[in-house]
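J.: My questions will all concern the structure given below.
The values are calculated or read from the model by the stated rules, or taken from the named source; none is laboratory data. Computed from a prediction, not measured in an experiment: that's the story for all the values here. These area figures cover heavy atoms from the full protein model, side chains too; ligands, DNA and RNA do not enter into them. Shrake-Rupley method; radii C 1.70, N 1.55, O 1.52, S 1.80 Å.
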Amino acid sequence: MNGREEDDVVAANDNILLAIDVGSSSVRCSPYFYSTRHDEIDTTSIEGCSASIQRQGVEPITGGIRMNGLFEAVDSAVHEVLSKLRARFEDRAEKLAVDAVGFSTFTMNLIAVDENGKLIPVDQKSNEDNPTTIGISYACNAPNVHAQCQRLRQDLGQD
């Protein structure tokens, strides 16, 4: 879609969806115009207004999810996208509205919690109320996880 066609979409529809993706190497935020017709949602990417904050989100070997700076990275990515939208559509910025937000995190992950829903740190010895590394991600390569995977392969078969 060229800039003129995109401006026509803006004129017809000022509804914005933000897609936020927290990954193992970055946090990304991308804006889309969206509209609904006949129970279907149509989206159009808003070119030149995305943001990507580079950060290592997973600990090597353990695959633990790094919490330090995570919320700040999400906040920064969203702030950058909103700033770009305001600058790009400054003549009608007051009409633009973020109506929906979607989140995606990693390829898949597990976040360990106890019976009270409290986060369990990767390092079981940690007594921190706010651990800096939690859960187990797809990148986990710890020896005990590897051994469990081998045992499952043996018990269940390679397929």
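J.: Fully extended, how many nm does the chain gain between Gln148 and Asp99 (0.36 nm per residue separation, minus their Cα-Cα distance)?
T.: Values: separation 49, 0.36 × 49 = 17.64 nm, distance 4.40 nm.
Gain in length upon complete extension: 13.2 nm.
J.: Roughly how much of Glu40 is accessible, in Å² to the nearest 10, using a 1.4 Å probe?
T.: Counting only protein heavy atoms, the figure is 110 Å².
J.: Roughly how many Å² of Arg28 are accessible to a 1.4 Å probe, to the nearest 10?
T.: Counting only protein heavy atoms, the figure is 80 Å².
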